[in-house]
Amino acid sequence: MRKIFFIIPVTLIVVFLVVLLSESPNQDENFFHVTLANSNSYENGIFSKTIFFSQGNYFFKFVPNGSSPEKITIRLIGENHDRNYEFFLKGNLQETGISEYYTWEYLGENEIQIESDQNLKIEIDPNGQTNGSVSVYIKEN
């Protein structure tokens with residue numbers, strides 16, 4: 001009987017922690033998100049979508065892996081904004097003493113300044129490498 005008084009609170013605490021830790025991150029933090037996973041994600045080799053930007057500062061964030069495109073060109077086109085952003089995939093060797101692995105990141109200018117409220121067409125060009133996966137985020141500063 002004493003075991004039950006111990007097991008029930010411990011079980012409740014474990015369940016609470018699992019639920020708390022498994023909650024998905026707040027999607028409101030992401031202004032824009034797309035996961036490009038294969039050639040079906042693109043039309044004529046380029047992903048495009050029109051979205052409304054309010055005046056302000058934004059930045060790009062990526063979740064790449066080893067099969068992601070080596071170069072990504074992102075173009076934002078609008079009434080008062082027309083700019084290309086280029087990013088290059090870099091692998092960073094991680095050595096733990098017992099194993100080696102790579103982490104991946106895109107290098108390039110990731111800051112976006114929008115001078116006025118407007119619709120912008122975003123074009124993401126993987127420069128012919130449409131079979132790898134990459135998630136592209138735009139976040140507000």
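The values are calculated or read from the model by the stated rules, or taken from the named source; none is laboratory data. Fair warning: this is a prediction, and the values are worked out from it, not measured in the lab. Cβ: placed from backbone, ideal geometry, glycine included. Neighbour counts: every protein chain shown. Protein only, heavy atoms only, side chains kept; ligands, DNA and RNA dropped before computing areas. Shrake-Rupley method; radii C 1.70, N 1.55, O 1.52, S 1.80 Å.
Side notes on the structure shown:
- Pick from the stretch 124-141, criterion among the small types (Gly, Ala, Ser), part of a loop (DSSP other than H, G, I, E, B) and surrounded by fewer than 17 Cβ atoms within 10 Å (Cβ to Cβ), ranking: farthest from the chain's Cα centre (by Cα): Gly128
- In the stretch 95-106, the residues that are on the phi < 0 side of the Ramachandran plot and open to solvent by 100 Å² or more (accessible area, probe 1.4 Å) form Cβ pairs under 8 Å with partners that are assigned to a strand (DSSP E or B) and of a type outside the set (Phe, Trp, Tyr), at six or more places apart or across chains, as follows: Glu100/Leu93; Glu100/Gln94; Tyr101/Leu93; Tyr101/Gln94; Tyr102/Gly91; Tyr102/Asn92; Tyr102/Leu93; Tyr102/Gln94.
- Among the residues of the stretch 107-118, those identified as open to solvent by 50 Å² or more (accessible area, probe 1.4 Å) and not in a strand (DSSP E or B) are Glu109, Asn110, Glu115, Asp117.
- Condition broken by Glu79, with the remaining ones in (1) in contact with a strand residue (DSSP E or B) (Cβ under 9 Å, 6 or more places away or on another chain); (2) without any contact (Cβ under 8 Å) to a residue 24 or more places away in the chain; (3) exposed (fewer than 11 other Cβ atoms within 10 Å of the Cβ) satisfied: (2)
- Residue check, Phe87 surrounded by 11 or more Cβ atoms within 10 Å (Cβ to Cβ), of a type in the set (A, V, I, L, M, F, W, C) and at pLDDT 95 or above: yes
- Contact annotation: residue pairs with Cβ atoms under 8 Å, 6 or more positions apart or on different chains, pairing a residue in the stretch 45-65 that is within 14 Å of Ser116 (Cα to Cα) with a partner that is hydroxyl-bearing (Ser, Thr, Tyr), are Gln55/Ser116.
- Among the criteria (1) in contact with a strand residue (DSSP E or B) (Cβ under 8 Å, 6 or more places away or on another chain); (2) open to solvent by 60 Å² or more (accessible area, probe 1.4 Å); (3) not in a strand (DSSP E or B), the one Lys121 does not fulfil is (3).
One line per residue, one yes/no per condition, for (1) within 23 Å of Ser133 (Cβ to Cβ); (2) in contact with a strand residue (DSSP E or B) (Cβ under 6 Å, 6 or more places away or on another chain); (3) at pLDDT 95 or above:
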position: Thr11; (1), (2), (3): no, no, no
position: Val18; (1), (2), (3): no, no, no
position: Glu23; (1), (2), (3): no, no, no
position: Gln27; (1), (2), (3): yes, no, no
position: Asn30; (1), (2), (3): yes, yes, no
position: His33; (1), (2), (3): yes, yes, yes
position: Thr50; (1), (2), (3): no, yes, yes
position: Phe53; (1), (2), (3): no, yes, yes
